[in-house]
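Okay, so here's the structure we're looking at.
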Amino acid sequence: MSTISRRSALALPLAATLAAPAYSQQNFPSRPIRMLVPWAPGGTSDIAMRALCEAAGRRLGQTVVVENRAGAGGVLGAQFLLTTPADGYVLSQFPISVMRQPLLNSRALFDPLADFTYVSLITGYLFGIVVRPDAPWRTLGELIAAAKREPGKLNYGTPGVGTSLHLTMEQIAKSQGIEWTHVPFRGVAENMQSLLGGQIEILADSSGWGPQVKDGSLRCLAVWSEARAKSFPNVPTLKESGIDIVSVSPYGIGGPKNMDPGITRALDAAFKEAVTDPVHMSVLDRYDMAPMYKNSADYTAYVRQTMEEERKLIQELGLRLS
């Protein structure tokens, strides 16, 4: 087990004291760490986070236990951290919807820049627009044309209100002069079940749909990455479909505000190595996701920049949830 401790400055030579990091007074970690995953079990996020946590746990010498808290567009983990001790033993996956919550709601649940400690940025998703194999649309252009003919009739499902999938679908609609109806779900499993059952016509979600697209039980019309996904070389990007949008929605790991800098550094070091661990990389490869690691300081700066970009996008779309 790796440990971190604070030694009294009186017991160290001056040079060593100046070089020593400001670690917690207690050994860390001395017990398992809880990782809140604000999505349903079995989806892309859940599977990737379990692989990441298993790899990080081996480096920390303690188990990192995944705890699912699905709903509310991915902000329930961050919300839970507001009342959690800042000791590093409770963390959460932070989807980009954490940064959007106060921008979309008049009664913000939290301040993303003041209420959390950002540990490590990890990766981003492969998103896509998926329909049933018997759907009449074989291209995104055909789907857009159908939506123009019957405004508001087509329903699309996402993992929740305020997610990147929700906002990007509305961004697509605005750019194409169409209307379609948003139906939020708690995860990709519910989303796909509703698509296959005919309750919705379009699925917009991360690449948990990959196996079904590969076996022909679903059809992907477009992916939202910069370049075509290697697992789906015949599926065009939004840009290739005439829509100048790229959406990968990076996510990372965060904790409560005012976490000890030494604990934050220890966690960041473990997650940095875990990102490229073969087990985690195999999951990323399976879902066409790429590592996007940033350390705590760079991740915090990224959050600040992202909030400014999201503020402009939300204003352009005219979205306000409450």
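Of note:
- Residue tally, condition over 17 Å from THR44 (Cα atoms) and either of a type in the set (Val, Ile, Thr) or modelled with pLDDT under 95 (or both), over segment 199-216: 2
- Taken over segment 164-183, the criterion of being surrounded by fewer than 18 Cβ atoms within 10 Å (Cβ to Cβ), without any contact (Cβ under 8 Å) to a residue 60 or more places away in the chain and of a type in the set (Gly, Ala, Ser) is satisfied by GLY177 alone.
- Filter result for LEU195 (at pLDDT 95 or above and assigned to a strand (DSSP E or B)): no
- Residues satisfying the stated conditions in segment 47-88, i.e. surrounded by fewer than 23 Cβ atoms within 10 Å (Cβ to Cβ) and touching a Cys at 6+ places or on another chain (Cβ under 6 Å): VAL66
- Residues located in segment 215-243, provided they are without any contact (Cβ under 8 Å) to a residue 40 or more places away in the chain, under 26 Å from SER97 (Cα atoms) and in a loop (DSSP other than H, G, I, E, B): GLU226, ALA227, ARG228, LYS239
- Residues (over 14 Å from LYS272 (Cα atoms) and aliphatic (A, V, I, L, M)) located in segment 291-309: ALA301, VAL303, MET307
- Test: residue in segment 47-66 that is closer than 17 Å to GLY208 by Cβ, within 12 Å of the chain's Cα centre (by Cα) and of a type outside the set (Val, Ile, Thr): yes
- Taken over segment 225-255, the criterion of being within 21 Å of PRO95 (Cα to Cα) and open to solvent by less than 50 Å² (accessible area, probe 1.4 Å) is satisfied by SER225, ILE245, SER247, VAL248, SER249, PRO250, TYR251, GLY252, ILE253, GLY254, GLY255.
- If you go through segment 106-160 and pick out every residue that is closer than 20 Å to TYR251 by Cα, of a type in the set (A, V, I, L, M) and surrounded by fewer than 17 Cβ atoms within 10 Å (Cβ to Cβ), you end up with 3.
- Inside segment 184-195, residues that are touching a strand residue (DSSP E or B) at 6+ places or on another chain (Cβ under 9 Å) and open to solvent by 40 Å² or more (accessible area, probe 1.4 Å) make up a count of 2.
- Some residue of segment 85-99 being in contact with a helix residue (DSSP H, G or I) (Cβ under 9 Å, 6 or more places away or on another chain), of a type in the set (Gly, Ala, Ser) and under 12 Å from TYR251 (Cβ atoms): yes
- Within segment 65-173, helices (runs of 4 or more DSSP H) holding 1 or more residues that are among the polar types (S, T, N, Q): 76-81, 97-104
One line per residue, one yes/no per condition, for (1) under 19 Å from SER225 (Cβ atoms); (2) modelled with pLDDT of 95 or more:
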{"position": "ARG149", "(1), (2)": "no, yes"}
{"position": "PRO159", "(1), (2)": "yes, no"}
{"position": "ILE172", "(1), (2)": "yes, yes"}
{"position": "ILE178", "(1), (2)": "no, yes"}
{"position": "THR181", "(1), (2)": "no, yes"}
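- Selected residue (only one of ALA301, ALA290, ALA222, ALA270 is open to solvent by less than 20 Å² (accessible area, probe 1.4 Å) and either among the hydroxyl-bearing types (Ser, Thr, Tyr) or within 28 Å of LEU113 (Cβ to Cβ) (or both)): ALA270
- Only residues that are open to solvent by 40 Å² or more (accessible area, probe 1.4 Å) and of a type in the set (S, T, N, Q) were counted across segment 196-219, and they come to 3.
The values are calculated or read from the model by the stated rules, or taken from the named source; none is laboratory data. Small disclaimer: the values here were computed from a predicted structure and weren't measured. Note: ideal-geometry Cβ built from the backbone for every residue, glycine included; neighbour counts use all protein chains shown. Accessible surface areas use protein heavy atoms only, side chains included; no ligands, DNA or RNA. Shrake-Rupley method; radii C 1.70, N 1.55, O 1.52, S 1.80 Å.
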